[in-house]
Amino acid sequence: MHTRKGSDNFDFFEYLHKRRERISSITDADGVRENHFPQMTLKGFSNMMSRLFNWLEEWLAIEEFKKQRYQEEVMLVKAYNRRGLYKLANSHAKILEKNISGDSQLDLENQKALSNLYHTQFYSDNPVKYQDITLYKKLIESYTNSIFERLKMYQVGMINWGNLKKIDFTAEIEFIKNTVPHCSQSETIHVFNKLINLIENQEVNCIKNIVETLKCKKIKINSELHTLLILYCVQYSIKGWMSEKIKDKNLIGEIYIYALNNKVFESDGKIPKVRFGNIISTLSLIKGYGWTNKLIDNYIKLVDCINYEDTLKLSKAQNCFQNERYDEIIHLINNIQGENIAQKNQISLLHIIGLFKSKKIDYEILNNKIHNYKRYLKRAKKTLTIKSYNSYFNSVSLIDQMSQAKFNNKEVDVGKYQDLIFRSWFNKEIKKHGK
């Protein structure tokens, strides 16, 4: 067989699997062929690479399909109908219809799956359409309900996205308002109306209403609707906090804990490091040092990283920074390296800020660290985006100026830097010290 152990296909897959952590660095295909598959021609090796990639894409598509609720069952009914196995098709269709109709939890997939099922049954040679005269009516009802729910979801998205990106969706929103009838609104549409109320008003009662809906388990866990509700709650709890419409710190903390417990921040089973850092920075300001430190301890294992201990220390250093515990930053990150260039930059800048703001400031150590970090940035410039390089280089240069200003009394101007890390911190520091 082409995929048995010892075959070229299997050996090449095994070669890639062993190097999966650094697979993006394998760029010399010809070198791989010469060193590991010398018996193969250039064309043969190229064909093998294409074949494995095609298999990978096929596997990915099948895996994603299998994750969609009810899709396998609907396809099985369709397969039986195509083969004339109507008794089996009807038996599976009845079970699936009963399962979906009996599901009391809200899920955008329910009406969609029912309409696909009824469509599969009606638009086939299955004589069931002559036996169940309500089949076509059920198809139309489930299809229109599914469309109305999706339109309502898009209405919420347009209001939110329009506000964020200053895009005018007035005509489209009016179309949806006129299309979705008020007299036949489902519970799902009612939930979307709650979201619209939250986005438009950003009041604490609006968000509490949605949180209660989530907590009473009306929404199917891990469904698209469930995820959307949580993410909007997170987004608008922070917006409400910033606008001072929402002052309940405990409510915001509760929303984040609920989101973490329900894996909303995860990507492929883990929370990306940058996302976890953003969560820590936000909650440090709202919930304070102690509460956020406990959260870091409780959820660090969910972060997509190799060295949990170093990521834990970096996260706690971020918490210290937001709460002006500068000397603790030095203690936390003095001996950690970082897993990638983004973490290395974050560690270096926090370390320099810690040294600069230390109660026992040592200008010789600070200046040496600033000098070495600038040299590091120049060496790493080609591996960074222009914005990232400018942001970190400008930030460390600004700290250098602020340090020197204590002796030369020169004025420091934050405004001349377009790209900057921790801009609000710099503004606050310069305002505080008058430099």
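The values are calculated or read from the model by the stated rules, or taken from the named source; none is laboratory data. All of these numbers come straight from a predicted model, not from anything done at the bench. We place every Cβ from the backbone using ideal geometry, glycine too, and count neighbours over all the protein chains shown.
Summary table
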| quantity | calculated |
| --- | --- |
| Some residue of the range 291-304 being outside any helix (DSSP H, G or I), of a type in the set (S, T, N, Q) and within 30 Å of LEU198 (Cα to Cα) | no |
| Number of positions in the range 63-95 that are of a type outside the set (Phe, Trp, Tyr), within 32 Å of the chain's Cα centre (by Cα) and in a helix (DSSP H, G or I) | 9 |
| Filter result (touching a residue at least 24 places away in the same chain (Cβ under 8 Å), over 23 Å from SER142 (Cβ atoms) and among the charged types (D, E, K, R)) within the range 185-201 | GLU200 |
| The range 143-171, subset closer than 14 Å to ILE189 by Cα and without any contact (Cβ under 8 Å) to a residue 40 or more places away in the chain, residue surrounded by the most Cβ atoms within 10 Å (Cβ to Cβ) | SER146 |
| SER237 part of a helix (DSSP H, G or I), among the small types (Gly, Ala, Ser) and within 21 Å of ILE252 (Cα to Cα) | yes |
| Members of the range 200-228 found to be in a loop (DSSP other than H, G, I, E, B) and among the acidic types (Asp, Glu), listed by number | GLU203 |
| Members of the range 34-48 that are closer than 30 Å to THR383 by Cβ and loosely packed, with under 11 Cβ neighbours inside 10 Å | ASN35 |
| Matching entry among LEU225, LEU214, LEU231 (being surrounded by fewer than 17 Cβ atoms within 10 Å (Cβ to Cβ) and either under 20 Å from the mean Cα position of the chain (by Cα) or at positive phi (or both)) | LEU231 |
| Residue identified as on the phi > 0 side of the Ramachandran plot and modelled with pLDDT under 90 among GLY31, GLY84, GLY6 | GLY6 |
| Single residue of the range 378-427 satisfying the filter (free of Cβ contacts under 8 Å to residues at least 12 places away in the same chain and β-branched (Val, Ile, Thr)) that is farthest from ASN340 (Cα to Cα) | ILE386 |
| Hits in the range 129-142 (condition: in contact with a Leu (Cβ under 9 Å, 6 or more places away or on another chain) and in contact (Cβ under 8 Å) with a residue 12 or more places away in the chain) | LYS138, LEU139, SER142 |
| Output for the range 172-188, where each listed residue is more than 29 Å from the chain's Cα centre (by Cα) and either β-branched (Val, Ile, Thr) or surrounded by 18 or more Cβ atoms within 10 Å (Cβ to Cβ) (or both) | THR179, VAL180 |
| Filter result for the condition that a residue is in a loop (DSSP other than H, G, I, E, B) and modelled with pLDDT under 95, over ILE361, ILE430 | ILE361 |
| Output for the range 255-284, where each listed residue is crowded, with 16+ Cβ neighbours inside 10 Å, part of a helix (DSSP H, G or I) and not hydroxyl-bearing (Ser, Thr, Tyr) | ILE255, ALA259, LEU260, LYS273, PHE276, GLY277, ILE279, ILE280, LEU283 |
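Residue by residue, here is whether (1) closer than 30 Å to ILE221 by Cβ; (2) surrounded by 11 or more Cβ atoms within 10 Å (Cβ to Cβ) holds:
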residue	(1), (2)
THR27	no, no
VAL32	no, yes
SER50	no, no
VAL74	yes, yes
